[in-house]
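Notes to accompany the following structure.
The values are calculated or read from the model by the stated rules, or taken from the named source; none is laboratory data. In this text, all values refer to a predicted model and were calculated from it rather than measured experimentally. For neighbour counting, all protein chains shown are included, and Cβ atoms are generated from backbone atoms with ideal geometry for every residue, glycine included. Surface areas here come from the heavy atoms of the whole protein model, side chains and all, with no ligands, DNA or RNA. Shrake-Rupley method; radii C 1.70, N 1.55, O 1.52, S 1.80 Å.
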Amino acid sequence: MRTRHVTVGVDGTITAVRALDRAADEAALRGVDLEIVHAVPDLDEAGPVLASAAARVRARRPGTAVTTVPVQGHSAGVLAERGRHAALTVVGCRDLGGILGAVVGSVSARLAAHAPGPLLVVRGDSPMNCHDEIILALDDATDAGTAAYAFQEAELRRARLRIPPFTTHHPVLPMASHRANGRSTARPAWVAALADLGERHPTVRADAPEPGSAPVRALVDATRTADLVVVAAGPATHGPGRHLGPVARELLHHSHCPVLIVPAGQETA
């Protein structure tokens with residue numbers, strides 16, 4: 001993992017406090033500094049919220065260095081920009097639900113499509129590593145870098161890596177062929193890639209992915225007993241932002257644990 005800081009957005013709400021606590025834990029886990037950002041129309045308004053957030057982190061994680069940053073602007077745009085220099089950006093998820101949520105969206109949803117680096121969207125309020133398991137969610141947009149990132153996260157947390165069956169009807173990576181018993185048989189290239197990652201991360205207890213497919217709701221149910229679910233954001237589109245596949249969108253709305261969104265092509269250490 002890179003040794004850059006963790007960035008978190010706060011606004012004084014309980015949703016932001018949960019994100020702040022998780023960001024402080026993530027910074028401590030990685031042994032890096034924590035940057036607390038508050039985006040406001042008037043910089044004079046930021047002081048009390050930032051001071052309270054910094055005091056909370058210092059009380060909970062006294063060994064973590066904290067920097068507070070007041071910025072004028074919209075939260076999603078500010079955090080996307082600050083995230084260019086962060087190892088991880090953390091934001092809380094405020095459930096809007098229904099038509100309102102679909103139309104208005106949220107800071108977390110906009111960041112998911114625009115964040116230049118890994119984004120942790122904090123859903124639920126379970127403590128970190130209470131289940132000792134993270135999930136790698138396979139989607140059409142998933143690339144090898146996302147799988148590598150998931151292995152690194154599992155290694156960092158000393159957690160089991162669970163890889164459920166496909167959640168979409170299409171292959172995740174191109175099919176490759178190999179010869180077995182003199183016959184040519186189809187073998188998904190991602191199986192070979194995951195096997196290679198397992199050799200590079202021997203301490204990670206990783207499940208072999210099962211064949212076939214499963215509905216997205218089964219994946220959402222699986223997040224009830226996970227500390228984290230890792231999913232990819234697709235490559236940049238012709239317009240601004242990245243494409244979010246159906247799995248990523250469903251997890252953002254319904255996951256029972258934090259969602260770690262990794263941009264396609266993300267470099268790993």
Subset of region 39-69, residues acidic (Asp, Glu) and over 14 Å from GLY12 (Cβ atoms), comes to ASP42, ASP44
Only one of ARG18, ARG60, ARG22 is surrounded by fewer than 16 Cβ atoms within 10 Å (Cβ to Cβ), under 18 Å from PRO258 (Cβ atoms) and modelled with pLDDT of 90 or more, namely ARG60
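Name the residue that is most open to solvent (accessible area, probe 1.4 Å), counting only residues in region 240-263 that are aliphatic (A, V, I, L, M) and part of a helix (DSSP H, G or I).
Just the residues of region 240-263 that are aliphatic (A, V, I, L, M), to begin with: 244, 247-248, 251-252, 259-262.
From what's left, part of a helix (DSSP H, G or I): 247-248, 251-252.
Details: VAL247: 0, ALA248: 0, LEU251: 0, LEU252: 16 Å².
Among those that are aliphatic (A, V, I, L, M) and part of a helix (DSSP H, G or I), it is LEU252.
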Over region 30-57, the set of residues of a type in the set (D, E, K, R) and exposed (fewer than 11 other Cβ atoms within 10 Å of the Cβ) is ASP42, ASP44
Going through region 221-239 in order, the residues found to be in a strand (DSSP E or B) and modelled with pLDDT of 80 or more are LEU228, VAL229, VAL230, VAL231, ALA232, ALA233
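Has region 38-53 got any residue that is assigned to a helix (DSSP H, G or I) and in contact (Cβ under 8 Å) with a residue 60 or more places away in the chain?
Within region 38-53 (the criterion being assigned to a helix (DSSP H, G or I) and in contact (Cβ under 8 Å) with a residue 60 or more places away in the chain), the answer is no, since none of the residues qualifies.
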